[in-house]
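Student: One structure follows; several queries about it will come next.
The values are calculated or read from the model by the stated rules, or taken from the named source; none is laboratory data. Small disclaimer: the values here were computed from a predicted structure and weren't measured. Glycine gets a Cβ as well: all are built from the backbone with ideal geometry, and neighbour counts include every protein chain shown.
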Amino acid sequence: MIRQTTAAVTAALALAVAACGGSDADQAATIPDGKATGTIDVWAWGNEGEILGELTKQFEAENPDVKVNVTAIPVDAAHDKILTSVAGGQAPDVAMVGTTWMGELARTQALDEAPAEIDQSQFFEGAADTVKVDGKTYGVPWYVETRVLYYRTDIAEKAGITEAPKTWDELKQAARAMKAKGGAKFGINLSTNNWQEYLPFVWQAGGDLADGETFTLDSPQAAEATGFYKSFADEGLSPNTTKQGFDITPAFVRGTHPMFFSGPWHMGLIEEAGGEGFEDKWAVAPMPAKQTNTSFVGGSNWAVFKSSQNREAAWKFVEWTTKPETQAAWYEISSDLPANQEAWELPALKEDPNVEVFGEQLNDAKSPPPFPRWEEIGTALNAELDKAIRSAPDGRQAAQKINETVSAIGAA
Amino acid sequence: MTSFAARRRTNIAGWGMASPFAAILAVFLLVPILASFAISFTSFGIGNIQDWTSAQFVGLDNYTKLFADDAFVRSLRNTAYFVVVGVPCTIVIGLLLAVALNQGIGRLRGLFRVGYYLPVVTSIVAIAVVWRYMLDPDVGILNAALAQVGITGPDWLGDPRTTMPSIIALGVWRNIGNAMVIFLAALQTVDRQLYEAARVDGARGTQLFRHVTVPMLRPAILFTTVITSIGYLQVFEEPFVMTGPAGGPDQAGLTTSLFVYQQGFRFFNLGYASAAAYTLFMFIVVLAIVQFRLLRSRA
C-alpha cells in the first residue's frame, strides 16, 4: 500500500527545490518573418503526443535550422504534470493544454500572451473563447471536438423511428421506443457524472453555468434541464449510475445502449469495435434542440510559457500549426477536427458526411468560462450531478444543490 | 579520559558513516514533512506555485474548513469503515490460513503459500482490471455465479452501498498474504511441548487453537494489527483503481488519502491538502498509541 499521506509532503518538496521561472518576458512576443531557429520543446499528451512527430517533421523541413523535441505524456498524467512543471520551473516551451485548463494555468502567471499577429477570429467562436482569460489571450486553439448524438439506425428503425431526434421531446420518445420496441436494455446512455454531457442541456434550455462570477444553475432553465436529464434515469431509460472504467463503445455495438452523446473520437472506436458490416447500423446527428441545440466544445489549445528560452520560434511553430493547410494535414494524420474554420473548406474535410455533422455542430457549441479552479468545479459538478440523479426529488432541487456546491468553491 | 576520547572517535566515525543516509533522510523526508506542516497553515494554492512566498498565513482556517467539508467528513467515515471491517477480516483470515498451512496441507504447502502471497506482489493495476471485470453486473463472473443459485447480484461498483464492501474485499484479499507470512513465522516458534502437554490434559482441536495457539501468537497478532491498521488508515490504491480519483457514486469509495491526493495534485489546494494529511496523521498517531498500550499491557 502506498503511503499516500506523504502526498502533500512530496509536493512541498517540489516547491522547496523550485527555481523561479525566469520571466524577463513581460511584453507580448512578436513573430519574426524569417525562419525559426533553435530548439523547441513541445509537450503533447494522449494520442496527439504519440503522433505529433509526423507533423513537426514538416515544420522542420520548412525551417531547416529548427529542432522540435516532442515529449509524449500519458493522458491521465497530463494536467498534473504540466502544473507540476510550472511549480518546479521546468515548463517546456510549448504545451498542448486542455481547453478547460486555461483559467487555472493563467492563474499561475506562467503563460505567455499570444502575439497579435495570430488572428483569433479565424477559429470557431467557442474555441477562441477558451484562450481568453480576464480579457487577455493566452494561447491559440489547435484542434476542436464537439459532442453530437450517436445512435443505432437499425434499432431506431425497428422502433419505428426513421429520422434522428431533432427536439428534446423527440429524443425522449426515441429513447422510450428503442427500449420498448427496439429491444434495447436502455434507451440511451446519459452519464450520471459527466458535466460535458450535462451542461449542453442547460445551454439548450436557455440557461447557463454562470453569469460573470455568479453561478446560475439555480435558474428555472437549469432546473428544467436538470429535470429533463434526470428523467431518463428515473424512467429507467438510462443507467442511474456510472462506474469507473465503463466503456460505452462495446455497449453501443452490442445494442444495449443504442444512443449516447460523445465527440469525434468515437467514430473510429465504433468502426473498430463493430467490424465489417456494422457501418450501416449507426449514424451521428446534431444535438436535439430546446431553445437552441448548443453543444459542448472541447479540444486542445497551444500555450507558450514565459520561461521559454526560444519564445519567438515557439510562437512561430504554434502559428504554423493553425494555418488551414497544416490543420487539414493534421486532420489526415490524426482525425482531429480543425479549430480553424477555413480548414473546413479544404477537400480533406469534405469526404466523410459524419464529419460534416461535427462541422455543423461547431457553429453552436460553447464551453464553460475559464475559471481558475475549474478542475475542482468540474469534479464537484460530476459528483453532485451523480447524487442528484439518484436521490434528488426533482430537477429544481437537484440544480439548486449543484449550484450551492459549485458556489462554495467559487469562480474567482 | 582515554575511554572518553575513544568513545568520541567512535561517535564521529559512526556519524560519518551514517551521514549520507541521514542527509538523504533529512532532505527527502524531514524537510518536506516540516514544510507541509507549515503549508497546512497557509492558503497555498494554484496562484502561489510560481512564487511560494505569496501564500497567506491563515492560522487554523484549513483545519476548521475541513470539518465543515462534506467530502472530507465522508472520506473519514469511509476510511473508518475500511479499517473497522478490513482489519479484523485480514487478521482472522490470515491467521486461519497460516494455521491451515502450518498443519494440514502437506505437500502442497509451498504452492498455497505462493498462491496467497501472490496478490501482495502483483501490480494493483493488473488486479484492478480483473476485479472490475469480475464485479461487472453484465459480464462479470461473480454475478453469473450468483445467478446460478437464483440470486440477482448487485451492481457492485455502481451501487454506493456495495462499493466499500467491494473495496474491502479487494483490500483484504491483497493483504492477507502479509499477515499469513508473519503468523506462519510465529507458528514455527511455538513450542511443540505445549501442545503435547495440553493434549495430555485432554484438550482437543479448537481448544488447542484457542488456548495454546492464540495466546502464544498474541504478540504477532497485535503487531500485525497495528501495522495493518496504520496501512489501512492510509488506504489509497484500492479505491483509486476501483472507483477512480473522485471515489465513485456518492463518493462511496472516497478515502481520506484519496481526498488528500485530489485536493493536492488535481486541484493544487496544497495548504488544504496538507491540513487534511496532518489530520489523518493525527488519527494514525492516536490509533497507534492505543494499540501500543494494548500490546504493552498484555504481552
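Student: Given the options A:ASP386, A:ASP336, name the one that is under 25 Å from A:THR56 (Cα atoms), crowded, with 20+ Cβ neighbours inside 10 Å and at pLDDT below 95.
Tutor: Going through A:ASP386, A:ASP336 in turn, just one is under 25 Å from A:THR56 (Cα atoms), crowded, with 20+ Cβ neighbours inside 10 Å and at pLDDT below 95: A:ASP336.
Student: Being under 25 Å from A:ASP247 (Cβ atoms) and surrounded by 19 or more Cβ atoms within 10 Å (Cβ to Cβ): is that true of B:GLY158 here?
Tutor: yes
Student: Which residue, of B:TYR278, B:TYR261, is under 18 Å from B:ILE124 (Cβ atoms) and of a type in the set (Phe, Trp, Tyr)?
Tutor: Answer to the check: B:TYR261.
Student: Applying the selection to region A:170-207, what residues are of a type in the set (Asp, Glu) and in contact with a helix residue (DSSP H, G or I) (Cβ under 9 Å, 6 or more places away or on another chain)?
Tutor: Within region A:170-207, just A:GLU197 meets the criteria.
Student: Condition (residue is aliphatic (A, V, I, L, M), in contact with an Asp or Glu (Cβ under 6 Å, 6 or more places away or on another chain) and modelled with pLDDT of 95 or more) applied to region A:39-60: is it met by at least one residue?
Tutor: Checked against the condition, which is being aliphatic (A, V, I, L, M), in contact with an Asp or Glu (Cβ under 6 Å, 6 or more places away or on another chain) and modelled with pLDDT of 95 or more, region A:39-60 yields at least one hit.
Student: While we're on this one: Criterion first (under 28 Å from A:TYR331 (Cβ atoms), of a type in the set (Phe, Trp, Tyr) and outside any strand (DSSP E or B)) does A:TRP142 satisfy it?
Tutor: no
Student: If you scan region B:31-87, which residues turn out to be closer than 19 Å to B:LEU287 by Cα and hydroxyl-bearing (Ser, Thr, Tyr)?
Tutor: Within region B:31-87, B:SER75, B:THR79, B:TYR81 meet the criteria.
Student: As an exercise: evaluate B:TYR278 against (1) of a type in the set (Phe, Trp, Tyr); (2) in contact (Cβ under 8 Å) with a residue 40 or more places away in the chain; (3) farther than 25 Å from A:ALA380 by Cβ; (4) within 11 Å of chain A (Cβ to nearest Cβ) and give the number of the one condition it does not meet.
Tutor: All conditions are met except number (3).
This table checks each residue for (1) touching a Leu at 6+ places or on another chain (Cβ under 9 Å); (2) surrounded by fewer than 21 Cβ atoms within 10 Å (Cβ to Cβ).
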site: A:ALA210; (1), (2): yes, yes
site: A:THR214; (1), (2): no, yes
site: A:GLN244; (1), (2): yes, no
site: A:PHE261; (1), (2): yes, no
site: A:GLU272; (1), (2): no, yes
site: A:GLY275; (1), (2): no, yes
site: A:TRP282; (1), (2): no, no
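Student: Oh, and also: Could you pull out the residue among A:ILE389, A:ILE377 that is part of a helix (DSSP H, G or I), more than 19 Å from the chain's Cα centre (by Cα) and not assigned by TED's automatic domain parsing to the domain that holds A:ALA328?
Tutor: One residue alone meets the criteria, A:ILE389.
Student: Additional query: Could you look through region A:114-131, keep only residues that are assigned to a loop (DSSP other than H, G, I, E, B) and either aromatic (Phe, Trp, Tyr) or in contact with a Ser or Thr (Cβ under 6 Å, 6 or more places away or on another chain) (or both), and pick out the one that is nearest to A:VAL144 (Cα to Cα)?
Tutor: Checked region A:114-131; the qualifying residue nearest to A:VAL144 (Cα to Cα) is A:PHE124.
Student: Here's another thing I want to ask about it. From the list B:LEU270, B:LEU222, B:LEU258, B:LEU233, which one is within 14 Å of chain A (Cβ to nearest Cβ) and either of a type in the set (Ser, Thr, Tyr) or more than 27 Å from A:LYS243 (Cα to Cα) (or both)?
Tutor: Only one candidate passes the filter, namely B:LEU270.
Student: Need a quick list: helices (runs of 4 or more DSSP H) entirely within region B:199-299 having at least 2 residues that are hydroxyl-bearing (Ser, Thr, Tyr) and closer than 30 Å to A:VAL86 by Cβ.
Tutor: B:256-261, B:270-298
Student: On to the next question. Give me a count of the residues in region A:136-166 that are among the basic types (Lys, Arg), touching a Gly at 6+ places or on another chain (Cβ under 7 Å) and farther than 24 Å from A:PHE201 by Cα.
Tutor: 1
Student: Output the number of residues of region B:208-219 satisfying the condition of being farther than 17 Å from B:THR90 by Cβ and either among the aliphatic types (A, V, I, L, M) or facing chain A (nearest Cβ under 8 Å) (or both).
Tutor: Looking only at that region, the number is 3.
Student: May I ask you to list the residues in region B:91-141 that are within 14 Å of chain A (Cβ to nearest Cβ) and closer than 20 Å to B:GLN188 by Cβ?
Tutor: Selection gives B:VAL120 alone.
Student: Sort out which residues of region A:389-409 are more than 12 Å from A:ALA222 (Cβ to Cβ) and surrounded by fewer than 23 Cβ atoms within 10 Å (Cβ to Cβ), and write them in order of number.
Tutor: A:ARG390, A:SER391, A:ALA392, A:PRO393, A:ASP394, A:GLU404, A:THR405, A:SER407, A:ALA408, A:ILE409
Student: Also, I was wondering about something else. List every residue pair whose Cβ atoms lie under 8 Å apart, where the two residues are 6 or more positions apart in sequence or sit on different chains, the first residue falls within region A:83-110 and is more than 17 Å from A:ALA72 (Cβ to Cβ), and the second residue, located anywhere, is of a type in the set (Val, Ile, Thr) and in a strand (DSSP E or B).
Tutor: Cβ pairs passing all conditions: A:THR99/A:VAL297; A:MET102/A:VAL133; A:GLY103/A:VAL133; A:LEU105/A:VAL97; A:ALA106/A:VAL133.
Student: Within region B:235-262, work out how many residues are on the phi > 0 side of the Ramachandran plot and without any contact (Cβ under 8 Å) to a residue 60 or more places away in the chain.
Tutor: Matching residues across region B:235-262 total 1.
Student: State yes or no: is B:THR152 on the phi < 0 side of the Ramachandran plot and exposed (fewer than 12 other Cβ atoms within 10 Å of the Cβ)?
Tutor: yes
Student: Does at least one position in region B:149-161 carry a residue that is part of a helix (DSSP H, G or I), charged (D, E, K, R) and out of contact with any His (no Cβ under 8 Å at 6 or more places or on another chain)?
Tutor: Within region B:149-161, one or more residues are part of a helix (DSSP H, G or I), charged (D, E, K, R) and out of contact with any His (no Cβ under 8 Å at 6 or more places or on another chain).
Student: Can you name every residue in region A:220-240 that is crowded, with 21+ Cβ neighbours inside 10 Å and at pLDDT 95 or above?
Tutor: A:ALA222, A:ALA223, A:GLU224, A:ALA225, A:THR226, A:TYR229, A:LYS230, A:PHE232, A:LEU237, A:SER238 - these are the residues of region A:220-240 that are crowded, with 21+ Cβ neighbours inside 10 Å and at pLDDT 95 or above.
Student: Now a separate question. Quick check on A:SER300: is it under 30 Å from A:THR30 (Cβ atoms), in a loop (DSSP other than H, G, I, E, B) and of a type outside the set (Phe, Trp, Tyr)?
Tutor: no
Student: Evaluate region B:106-123: report whether one residue or more is outside any helix (DSSP H, G or I), within 30 Å of B:GLY264 (Cβ to Cβ) and not polar (S, T, N, Q).
Tutor: No, that holds for no residue.
Student: Considering each of A:VAL133, A:VAL202 in turn, give the residue that is more than 30 Å from B:SER54 (Cα to Cα) and aliphatic (A, V, I, L, M).
Tutor: A:VAL202
Student: Now a separate question. What number goes with the only condition from (1) facing another protein chain (nearest Cβ under 10 Å); (2) within 23 Å of A:ALA380 (Cα to Cα) that B:THR79 does not pass?
Tutor: For B:THR79, the exception is condition (1).
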